[in-house]
Amino acid sequence: MGFFFAQLLTGLSNAAGLFLVASGLSLIFGVTRIVNFAHGSFYMLGAYFGVTLMGILPDYLGSHVGFWGSIVLTGVIVGLVGALVEIVVLRPIYRAPELFQLVATFGVILMIQDLALMSWGAEDIMGARAPGLRGVFRIFGEPIPKYDIVLICITPFILIALWWLIAKTRLGILVRAATQDREMVGALGVNQRWLFTGVFALGSALAGWGGALQLPKGGADLLMDMNIIGPLFVVVVIGGMGSLPGAFIASVIISVLNVFGVTYMPQSTLVLMFVVMAIVLIFRPYGLLGKEEVAGEHGQVGAPEAPIRPFGRTGRLAVTGLLAVLALLPLVSDPFLLVLMTDIIIFALFAASLHFILGAGGLTSFGHAAFYGGGAYVAALLVTYAKAPMEIAFIAAPIGAGMLALVVGWFCIRLSGVYLAMLTLAFSQLVWSLAFQWRSVTRGDDGLINIWPSDWLSGQVPYYYFTLVIGAAGILFLRHVIHAPFGYALRAARDSARQAEATGINVKRVQYLAFALAGALAGLAGGLFVFAKGSVFPTELEIGKSFDALIVVFLGGIKTLSGGVVGAAFMATVEDWLTRMEYWRLMLGMLIIAVVILAPEGIVGSARRLGERLGLIKRAEAEE
Amino acid sequence: MLELERVNSFYGKAHILQDLSFSVGRGEVVALLGRNGAGKSTTMKSIIQLVRPKSGKVRFQGTEVTGQAAYRVARAGIGYVPEDRRIFTALTVLENLEVGRQPAREGAPHWSVEQLFEIFPNLHERRNQLGKAMSGGEQQMLTIARTLMGNPSLLLLDEPSEGIAPVIVEEMARAILRLKAQGLTVMISEQNLHFARVVADRAIIIESGEKKFDGTFAELEAHPEIRDAYLAV
Ligand SMILES: Nc1ncnc2c1ncn2[C@@H]1O[C@H](COP(=O)(O)OP(=O)(O)O)[C@@H](O)[C@H]1O
Ligand SMILES: [Mg+2]
């Protein structure tokens, strides 16, 4: 009994920090409709600033005032950083599609990672203890850290304070009004730009406070930003986007569950969290307290999209030329370049499969790595346990990934927009946590090794040709599907679900199948990958992998399939070049943000526009 | 008070307002008339700058407002009541009014919540209800009251009588005349004459974004062919 109660209290105290961070994310989303992936970075910054301040302030202000003053001040500083990010990065792209915003906030993650590394070094830093709260209380004979009790007592007040701010103050009223109709709020004389900045700063400050408050129980390290994203999104999805009480309830559920999970099922804590999420979503697709999203609220920028056209003669010539060059490459190139090219082709296929679902399907999947890594794992598991020959295992990769996509899609396709994005991300985390924690089968982060191709494909040159043939076939197949009736139906569903329904298209079904197809092709890329490297690790399933693909699709240009290919080549080259520098993340982050703001049509789109202007290419409209 | 000088507005490539010029004097109530699709709403949006004119000037109290952010134009003293009402459905009546609140402005009537409740008694009864629980007429009252909370000196009313029961339209006409008595300048758009004639001093008729008539109702009465050509009957 005592032990049980102690566990409950630990869970509740953990919920405090999680709730602070999640409420900030929820608040920002409610008003700006931006899913701020950099929110975890603000949490991490909170921990770092907190540690630094706690090392300085107590000397001047005494231990108590110094400690709590540091926490308060940390929130203020992180809030200011958030305001800066909002003004510089997000203001120009509020009306852009979700993908742009995601990619921009991902650029922010990269930059903050390196800035934190520069400022605080790579070593983990221990958190300071809270003065006067070092000991434990004995409750039913069990020791409970005093600081935990204090956190538990603070949390309801934070919830009430936030609720009061939103429900009762003029700021809160304006925030709620802007959530519904920003333009009208502006037409009534409210400078909504500053309203947005203010909300963003407040949300960031909450993340900063969350990071600082957990210091006495932990510390500051460079993995905090990514580590919190999973639980954070699960909390927001379970609670309902934009709902503070929802975030509170979900934080408590997840934190308590985690503590008991650690005790009773130490191997499945991560998995458990996502299972709970899946169960909640089956019954309430918009979370416990979330409201159904009104479709079409989100503004889209730019001219209506030029339709993807079948290849013209120039296009066919270019593709043939490119394939010829790639086919001749082994005759002239050194092994190193061949390895790089193999990687690029695999990545291009992965990106093209994401592009298919994102560009043609209009479904923003943030968890596409689940199918890429999933395919790789299916093949690797078959080789490891069933001693399957490479050919069988390779074919199983896309099939397995496609089946996984059917399961995930069943949950996700019911939703749209950011809800779909968050849910796909959460499911990819579920798959990742399976690979990471189900050690007896997947060997955890030791990975599955010795997964080599059959004799006829071993060696760099044969495998390069194999990759080239499969990769090119996969990409051309996707292109073919886009122009087939199925592709038209998919695009019709994207452009106007209602009109598509009216012409007899079963929108959800078409999207569901497209999602599965994209998953299968990502799995194909994963299959190519695992036999190229001879091993697979959980990193192939990480959020970062999904983001890489999103960035590639984005950089290349969302509106053309070649965008994915060009983006993959560009990204691989740039990364290869950038990673030789010490602070390459900073550079890449800035580059990404610059592209989002300055060239939102991506490389291919911008090049086409330039070509049109110079008269080299016929205008797209002319062919409509 | 308000001058438009050769204003041209577009939606994408569609040229909607064509060299539109007119002016509204202080204390006037002017009706902007025209059929559905004539460009009345676009004119109003081009004044408050929710639509940015490609060329031409909009001047308000002597200063040019073209190209400014909508919130600045609103703060300069133009109150805009959109045709689709756009009340905040998840907010209560009182909260809706709060969103519109701006400091008092010199040379414009100042409104308190109590005064507005006196003009629109229904709102008082429903002050703690959510916007979505209100009838169309009440929502229309609320949008007007919400805009008045900004203490504008010029009020733009976009088709206030559309889709509203005749009894409420009458009530609204009385309210508008009261506003006029307080010294407010009003521009009101309508598709037909009935309501406009009751409240307005002058009529401006547009068709396909071009001005076709500008004069008093007496002059308009003398030219029934204009009315028949450009207005719904
Ligand atoms: N958001 C919009 N995008 C494109 N065209 C529009 C838009 N709003 C209005 N229009 C077009 O502009 C013209 C004028 O519309 P509007 O100003 O709303 O007319 P009114 O208010 O007189 O009915 C119409 O032909 C209408 O179809
Ligand atoms: Mg209109």
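The values are calculated or read from the model by the stated rules, or taken from the named source; none is laboratory data. Since the structure is predicted, the reported quantities are computational estimates derived from the model, not experimental observations. Note that we place each Cβ from the backbone using ideal geometry, even for glycine, and neighbour counts take in every protein chain shown. To get the accessible areas, we keep the full protein, side chains included, count just its heavy atoms, and leave off ligands, DNA and RNA. Shrake-Rupley method; radii C 1.70, N 1.55, O 1.52, S 1.80 Å.
Tell me the per residue accessible area of the protein assembly as shown using a 1.4 Å probe; a whole number in Å² is fine.
Details: 35310 Å² over 857 residues.
Accessible area per residue, the protein assembly as shown: 41 Å².
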Point to revise | Inter-label distance for A:ARG609 and A:MET126, nm, one decimal - labels placed 7 Å from Cα along Cα-to-Cβ | key: 5.4 nm
Study note, to complete from the structure: Projected onto the charge dipole of region A:313-621 (unit charges on the beta-carbon of Lys, Arg, Asp and Glu, signs +1, +1, -1, -1), the Cα from A:THR573, A:ALA532, A:PRO398 with the largest positive-side position is that of A:PRO398
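So what are region A:434-486's ellipsoid semi-axes, whole angstrom, largest first, if each one is the square root of 5 times an eigenvalue of the alpha-carbon gyration tensor? Walk me through the numbers on the way to the answer.
Values: eigenvalues 196, 92, 9 Å².
Computed over region A:434-486, the values are 31, 21, 7 Å.
Over all pairs of distinct alpha carbons, what does the Kirkwood formula give as the hydrodynamic radius of region A:121-232, in Å?
Details: mean 1/r = 0.0581 Å⁻¹.
This gives a value of 17.2 Å.
Viscosity 1.306 mPa s, temperature 10 °C: what is the translational diffusion coefficient of region A:173-246 from Stokes-Einstein with a Kirkwood Rh over Cα pairs, rounded to a whole number of µm²/s?
On the way: Rh = 14.6 Å.
The calculation lands on 109 µm²/s.
State to the nearest 20 debye the size of the charge dipole of region A:313-621 about its Cα centre, where the only charges are +1 on K and R beta carbons and -1 on D and E beta carbons. Could you put the intermediate results ahead of the total?
Working: 22 positive and 17 negative charges, 203 e Å.
In debye, rounded to 20, region A:313-621 gives about 980.
Could you work out the mean projected area of the convex hull around the alpha carbons of region B:1-51, in square nanometres to one decimal? Mind showing how you got there, number by number?
Working: hull surface 14.8 nm².
Over all viewing directions, region B:1-51 projects a mean Cα-hull area of 3.7 nm².
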Point to revise | Kirkwood-type radius of chain A, with distances r between different C-alpha atoms, in Å | key: 25.5 Å
Point to revise | Cα long-axis angle, helix B:166-181 against chain B (0 to 90 degrees, to the nearest 10) | key: 80 degrees
Revision key, fill the gap. Residues meeting the amide H criterion for B:LEU2 (H placed from the backbone, H to H distance under 5 Å, 5 or more places apart or on another chain) are B:VAL24, B:GLN61
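To the nearest 20 debye, what is the magnitude of the charge dipole of chain B about its Cα centre, counting +1 on the Cβ of each Lys and Arg and -1 on the Cβ of each Asp and Glu?
On the way: 28 positive and 28 negative charges, 155 e Å.
The calculation lands at about 740 debye.
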Review point. Given the pairs A:LYS291/B:LYS40; B:LYS13/B:LYS45; A:LYS168/A:LYS217; A:LYS508/B:LYS132; A:LYS291/A:LYS508; A:LYS508/B:LYS40, which span a C-alpha to C-alpha distance of over 28 angstrom in this model?
Key: A:LYS291/B:LYS40; A:LYS168/A:LYS217; A:LYS508/B:LYS132; A:LYS508/B:LYS40
Exercise for review: Please list A:62-68, A:1-7 highest first by mean number of surrounding beta-carbon atoms within 10 Å per residue.
Suggested key: A:62-68, A:1-7
**Study point:** Residue-by-residue Karplus 3J(HN,Hα) for region A:411-422, coefficients 6.51, -1.76, 1.60, Hz, glycine and proline x
**Key:** 6, 7, 5, 4, 9, 8, x, 5, 5, 4, 4, 5
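With every protein chain kept in the model, how would you rank A:LEU289, A:LEU326 by accessible area, 1.4 Å probe, largest at the top?
Details: A:LEU289 85, A:LEU326 25 Å².
So the residues, ranked largest to smallest area, are A:LEU289, A:LEU326.
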Check your understanding: For region B:1-96, taking Cα atoms only, what is the radius of gyration to one decimal and the Dmax to the nearest whole Å?
Key -> 14.2, 41
Revision key, fill the gap. Rounded to the nearest 10 Å², the 1.4 Å probe accessible area of B:ASP19 is 80 Å²
Check your understanding: Taking amide H positions as placed 1.01 Å from N in the peptide plane, with prolines and chain starts having none, which residues 5 or more places from B:GLY79, or on another chain, fall under 5 Å of its amide H?
Key -> B:SER153, B:LEU154, B:LEU155, B:LEU156
Review point. Taking a point 7 angstrom from the Cα of A:VAL136 along the C-beta vector, which residues in region A:216-244 have backbone N less than 18 Å away?
Key: A:216-218
Review point. How many partner chain Cβ atoms sit within 10 Å of a residue's Cβ in peptide A:190-197, on average, as a whole number?
Key: 3
Review point. On average, how many beta carbons from a partner chain sit within 10 Å of the beta carbon of a residue in B:71-83?
Key: 3
Exercise for review: Estimate the FRET efficiency between B:GLU210 and A:LYS508 by the formula 1/(1 + (r/R0)^6), using the beta-carbon distance for r and 35 Å for R0, to the nearest 0.05.
Suggested key: 0.15
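May I ask for the Rg/Rh ratio of region B:2-230, computed from Cα atoms with Rh as the Kirkwood radius, given to two decimals?
Values: Rg = 16.9 Å, Rh = 17.8 Å.
That ratio equals 0.95.
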**Study point:** region A:565-584-region A:351-407 distance, computed between alpha-carbon centres (Å)
**Key:** 25 Å
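Carbon-plus-sulfur fraction of the accessible area of chain B, 1.4 Å probe, in percent?
Details: 4590 of 9580 Å².
Looking at chain B in its full context, I get 48 percent from C and S.
Please report, largest first and rounded to whole Å, the three semi-axes of the ellipsoid equivalent to region A:26-133, where each semi-axis is the square root of five times an eigenvalue of the C-alpha gyration tensor. Can you show the working numbers first?
Working: eigenvalues 191, 46, 22 Å².
Ellipsoid half-lengths, sorted descending, are 31, 15, 10 Å.
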Review point. Given a 1.4 Å probe and every protein chain left where it sits, what share in percent of the accessible area of chain A is carbon and sulfur?
Key: 68 percent
Practice item. Using only Cα atoms, find the angle between the long axis of helix A:602-614 and the longest principal axis of chain A, and express it within 0 to 90 degrees, rounded to the nearest 10. Key: 50 degrees
Review point. Tell me, Kirkwood radius of region A:2-223 from alpha-carbon pair distances, in Å?
Key: 18.4 Å
Revision key, fill the gap. Expected vector for region A:102-117, Karplus 3J(HN,Hα) from phi with 6.51, -1.76, 1.60 and θ = phi - 60°, integer Hz, x for Gly and Pro, equals 4, 4, 5, 5, 5, x, 5, 4, 4, 5, 5, 4, 6, 5, 5, 4
Review point. Rounded to a whole number of µm²/s, how large is the Stokes-Einstein D of region A:313-621 at 25 °C and 0.890 mPa s, given Rh as the Kirkwood radius over C-alpha pairs?
Key: 123 µm²/s
Revision key, fill the gap. The long-range amide H neighbours of A:VAL136, using H built 1.01 Å from N in the peptide plane and a cut-off of under 5 Å, are A:LYS146
Study note, to complete from the structure: Between B:THR63 and A:ALA327, the two model label points (7 Å from Cα along the beta-carbon direction) sit apart by a distance in nm of 7.0 nm
Exercise for review: Name the residue farthest towards the positive end of the dipole of region A:2-223 from the options A:SER23, A:HIS64, A:MET111, assuming +1 on Cβ of Lys and Arg, -1 on Cβ of Asp and Glu, about the Cα centre.
Suggested key: A:SER23
**Study point:** Pair A:LEU317, B:LEU94: separation of 7 Å Cα→Cβ label points (nm)
**Key:** 7.4 nm
Review point. HN-Hα J couplings of region A:255-264 from phi, Karplus 6.51/-1.76/1.60, θ = phi - 60°, integer Hz, Gly and Pro as x?
Key: 5, 5, 4, 4, 5, 5, x, 4, 6, 9
Exercise for review: Please give the length that would be gained between A:VAL339 and A:HIS64 if that part of the chain were fully extended, namely 0.36 nm times their separation in residues minus their C-alpha to C-alpha distance (nm, one decimal).
Suggested key: 93.2 nm
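Need one value for B:95-104: mean number of C-beta atoms belonging to other chains within 10 Å of its residues' C-beta atoms. It would help to have the intermediate numbers written out before the result.
Working: counts 8, 3, 1, 6, 12, 7, 6, 3, 1, 0.
Going residue by residue through B:95-104 and averaging, the value is 5.
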Point to revise | Accessible-area value, A:TYR286, 1.4 Å probe, nucleic acids and ligands omitted, Å² | key: 40 Å²
Revision key, fill the gap. Rounded to the nearest 100 Å², the accessible area hidden between B and A, summed over both chains at a 1.4 Å probe radius, is 1800 Å²
